[in-house]
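The values are calculated or read from the model by the stated rules, or taken from the named source; none is laboratory data. Since the model is a prediction, treat every value here as computed from it, not as a measurement. Cβ placement follows ideal geometry from the backbone for every residue including glycine, while neighbour counts extend to all protein chains displayed. When the accessible area is computed, the model is the full protein with side chains, heavy atoms only, and any ligands, DNA or RNA have been set aside. Shrake-Rupley method; radii C 1.70, N 1.55, O 1.52, S 1.80 Å.
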Amino acid sequence: MADIKGILFDKDGTLVDFHATWFAIGDILALRAADGDRDRANDLLDAAGFDFVAHRFRADSVFAAGTNADIVTLWYPHLAPSPRQEIINAFDRFTAEEGASKSVVLSGTRDALTKLHAAGLKLGVATNDSTGGAERTLSVLGIAQMFDAAYGYDAVANPKPAPDTVYAFCDLTGLKPAQLAMVGDNRHDLEMARAGGVGLAVGVLSGTGTRETLSPLADVVLDSIADLPDYLSAQ
């Protein structure tokens, strides 16, 4: 792994505790979309990927891996493009503010990032959240200074699983895709890694993905990014 010079991280489920951070926010948005109807809101949450039996979001579901635009399209299917975009913009604003203020950092994240940054690795975030939401979250958590860039779904022409963010980060840092690792908890993250030709695709079990969903696309599956510095050092 001496050739790995940079790392792109997914945000939710990789750096941030997805379930602790996002269920309450998703519930508010679902109730708004359902005009306050609790049963209808539950149906919307189920459609977006919340498993009410397991009390967690399903791996690779729209809410776990999609963008705000994907959620709005699912929940407001009959809107014309202009009013739909207004709701997407409202979702972006709300999730940027609430997602940052309610973010719960995963255990070991700060220590791992500190070690990786100190080792001279270029660090970036590749999320299907908005760019503003990602930047605000990094700032609130006090880890923004360790990242060279944060890319949301609205920062590139084609968000994950397309490889656009890999290429954008390479353009910024001067690195080649083969010199990057991509770390994430959903198949979208690893599909982007494969499409972009990154050197190392790392799945983590700290979010919504499982070993079964991640293993077919990952070079390695770790419990969390807390294990990443030692893994890289051992290679």
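Observations
- In nm, spacing of pseudo-spin labels at residue 78 and residue 102 (7 Å Cα→C-beta vector): 2.8 nm
- A protection proxy built from the mean count of other Cβ atoms within 10 Å ranks the segments 92-99, 46-53, 133-140, most packed first, as 133-140, 92-99, 46-53.
- Normalised per residue, the accessible area of the range 1-113 is 45 Å², obtained with a 1.4 Å probe and no contribution from ligands, DNA or RNA.
- Computed from label points 7 Å out along Cα-Cβ, the spacing between residue 35 and residue 140 is 3.1 nm.
- Rolling a 1.4 Å probe over the protein heavy atoms of the chain, with every protein chain left in place, gives an accessible area that is 50 percent carbon and sulfur.
- Peptides 196-204, 6-14 ranked from most to least packed give 6-14, 196-204, packing being the mean of other C-beta atoms within 10 angstrom over each peptide's residues.
- Degrees between helix 187-196 axis and first principal axis of the chain (Cα, 0 to 90, nearest 10): 50 degrees
- Each of 109, 199, 120 was scored by the projection of its Cα onto the charge dipole of the range 108-235, and the greatest displacement toward the positive side belongs to 120; charges sit on the C-beta of Lys, Arg, Asp and Glu.
- Angle in degrees between helix 109-118 and the longest Cα principal axis of the chain, rounded to the nearest 10: 40 degrees
- By the helix-only formula, in which each DSSP H run with n ≥ 4 contributes -39500 (n - 2.57) and the sum is divided by residues, the chain has a 222 nm mean residue ellipticity of -14000 deg cm²/dmol.
- Within the range 126-153: backbone nitrogen closer than 19 Å to the residue 85 label point (7 Å, Cα to C-beta): 130-132, 153
- Accessible area, probe 1.4 Å, largest first, for residues 109, 73, 173: 73, 173, 109
- Sorted largest first, extent of the chain alpha carbons per principal axis (Å): 54, 36, 33
- Taking 0.36 nm per residue of sequence separation and removing the Cα-Cα distance, the residue 230/residue 23 pair yields an extension gain of 71.4 nm.
- Normalising the average separation of contacting C-alpha pairs (under 8 angstrom, six or more residues apart) by the number of residues puts the relative contact order of the range 64-141 at 45 percent.
- Counting 0.36 nm for each residue step from residue 47 to residue 171 and taking away their Cα separation leaves a gain of 40.9 nm.
- The distance linking the range 20-85 with the range 133-209 is 24 Å (Cα centroid to Cα centroid, whole angstrom).
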